[in-house]
Amino acid sequence: MKIIIIGGGVAGLAIGWRLAEAGQEVTVLERSQPGGGATGASAGMLAVTAELQDASLEEMEFARYSNVLWPSFAEKLEAVSGRKINYAAKGALLLADDAAALSRLSRQAGPGRVLLEPPQVRALVPLVAADGIAGGLWSASEAQIDNRSLGPALAVALQKAGGRILANEAAVRLERERDGRVIGVQTPFGRHAADAVILAAGAWSGLLDKAGEPVSPVKGQMILLAPPAGETVPGPVIWGGGIYAVSRAEGLAIGATMEDAGFDTTVTPQAREMLLRSAEKLMPALGRWTLIEHWAGLRPRAPDGLPMLGPTRSEGLWLAGGQYRNGILFAPAVAETVADQILGRASPIAAFDPRRFGT
Ligand SMILES: Cc1cc2nc3c(=O)[nH]c(=O)nc-3n(C[C@H](O)[C@H](O)[C@H](O)COP(=O)(O)OP(=O)(O)OC[C@H]3O[C@@H](n4cnc5c(N)ncnc54)[C@H](O)[C@@H]3O)c2cc1C
């Protein structure tokens, strides 16, 4: 089968890799460079505790399934691509600033997740402020990956499996038969005929077609702080005071804003100040760290906040979108479910069926 994938983010590349491995003729159209969208801008957390506090049962199950797939997905990706993506289960610490917040966190305690008293929190992460916290929830096996290496690694794996990536080539129009069936994609350089087209253009997925899949952008800004000489970067992801802090080779990445700003990805001094002040309140020593980077990305969100994975109302057109705040975590499961649906080996998951929204 000839398959065109629009978008070389984690979703398009992971699906393409799986389909190419299954012997399909895969071409990814990426208007810029692989992994340069939300995938590269993200924090790289596989945040099965903090991000899923209010999730539906279907989303929770999907996330947990994907989280279980991640170690072998990462191992295989590194082996095939020869590139490191640094999967590391360094744990996640969720902080509560008062008794009510601690009681909410206690509902997630269980196997692998323990409640901590403030002294235990500080023993784990000495940078956390001595006062102002009522305790925390420690999720010891939670993992993170190097999301900036993920896109390039997937691109190599996909190509080694026989797939093609056309970088700097944007899809500008879907080609349709008179009955609406999608039969290819037009770019500024030519047309690409396809038996199936997968729209995996992240936050931009709603722009391509006049039928317009209902995916919208939610802007997120992050900053990166480098430690002074001799100061160590805490390993676990730390959540509290409206932010999270994730360790990177260069320091701590602090995120993220949630903004309704259309497709604008400029960074703002207001967001930078908010992230800096919140981080300092949580970990006062960060006041001495150096700001070395500030960036923004766009999360792809469906109207109900759930993924959109599977066939659309247009025959020949498939969607891998709406992963919102968890597109890195969801990646192995997204690849599996969308590829297997296209190969006729699986049915759409009802809660994530793109056709759940009106025409
Ligand atoms: C600040 C921030 C922090 C985040 N942190 C996390 C996290 O810690 N953990 C997690 O699981 N998720 C996180 N996310 C969410 C996650 O990044 C996204 O859900 C995920 O990257 C979406 O992947 P995608 O492949 O669908 O989209 P993208 O990575 O955005 O890829 C879409 C690609 O499509 C391309 N494209 C667009 N239009 C066209 C076109 N017409 N033709 C060709 N190519 C096109 C773009 O250039 C882009 O490369 C975060 C997001 C942000 C913004």
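The values are calculated or read from the model by the stated rules, or taken from the named source; none is laboratory data. Everything numeric in this text was worked out from a predicted model, so none of it was measured. Please note: Cβ atoms are built from the backbone with ideal geometry, for glycine as well, and neighbour counts cover all protein chains shown.
Tabulated results
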{"item": "Residues being in contact with a strand residue (DSSP E or B) (Cβ under 8 Å, 6 or more places away or on another chain) and surrounded by 18 or more Cβ atoms within 10 Å (Cβ to Cβ) - total across segment 279-296", "result": "6"}
{"item": "Matching residues, segment 1-35, being near the ligand (Cβ under 6 Å from one of its atoms) and among the β-branched types (Val, Ile, Thr)", "result": "ILE6, VAL10"}
{"item": "Restricting segment 221-254 to residues that are surrounded by fewer than 23 Cβ atoms within 10 Å (Cβ to Cβ) and under 17 Å from the mean Cα position of the chain (by Cα), the residue that is farthest from LEU116 (Cα to Cα)", "result": "ARG248"}
{"item": "Some residue of segment 316-332 being more than 27 Å from ALA256 (Cβ to Cβ), assigned by TED's automatic domain parsing to the domain that holds ALA50 and not in a strand (DSSP E or B)", "result": "yes"}
{"item": "Criterion (polar (S, T, N, Q) and either on the phi > 0 side of the Ramachandran plot or touching an Asp or Glu at 6+ places or on another chain (Cβ under 7 Å) (or both)) met by exactly one of THR39, THR49", "result": "THR49"}
{"item": "Subset of segment 185-231 (residues that are within 15 Å of the ligand (Cβ to nearest atom) and on the phi > 0 side of the Ramachandran plot)", "result": "GLY190, GLY202, GLY212"}
{"item": "Filter pass, LEU127 being part of a strand (DSSP E or B), surrounded by 16 or more Cβ atoms within 10 Å (Cβ to Cβ) and out of contact with any Asp or Glu (no Cβ under 7 Å at 6 or more places or on another chain)", "result": "no"}
{"item": "From GLY132, GLY136, residue being outside the structural domain of GLY327 (by TED's automatic domain parsing), part of a strand (DSSP E or B) and closer than 29 Å to SER42 by Cβ", "result": "GLY136"}
{"item": "Selected residue (only one of ARG325, ARG299, ARG313 is among the basic types (Lys, Arg) and surrounded by fewer than 21 Cβ atoms within 10 Å (Cβ to Cβ))", "result": "ARG313"}
{"item": "Conditions (1) outside any helix (DSSP H, G or I); (2) not assigned by TED's automatic domain parsing to the domain that holds ALA351; number of the one not met by SER32", "result": "(2)"}
{"item": "Total residues in segment 36-58, condition more than 16 Å from ALA109 (Cα to Cα), within 10 Å of the ligand (Cβ to nearest atom) and of a type outside the set (Val, Ile, Thr)", "result": "10"}
{"item": "Residue list for segment 76-96, restricted to those being surrounded by fewer than 17 Cβ atoms within 10 Å (Cβ to Cβ) and over 21 Å from LEU46 (Cα atoms)", "result": "GLY82"}
{"item": "Residue that is farthest from the ligand (Cβ to nearest atom), among those in segment 293-312 that are of a type in the set (D, E, K, R) and touching a helix residue (DSSP H, G or I) at 6+ places or on another chain (Cβ under 9 Å)", "result": "ASP304"}
{"item": "Qualifying residue in segment 252-266 (condition: assigned to a strand (DSSP E or B), in contact with a strand residue (DSSP E or B) (Cβ under 9 Å, 6 or more places away or on another chain) and in contact (Cβ under 8 Å) with a residue 60 or more places away in the chain)", "result": "yes"}
{"item": "Residue within segment 248-257 that is small (Gly, Ala, Ser), over 28 Å from LEU105 (Cα atoms) and touching a Ser or Thr at 6+ places or on another chain (Cβ under 6 Å) present", "result": "no"}
{"item": "Top-ranked residue of segment 163-184 - restricted to ones that are assigned to a loop (DSSP other than H, G, I, E, B) and more than 9 Å from the ligand (Cβ to nearest atom), ranked as modelled with the lowest pLDDT", "result": "GLY180"}
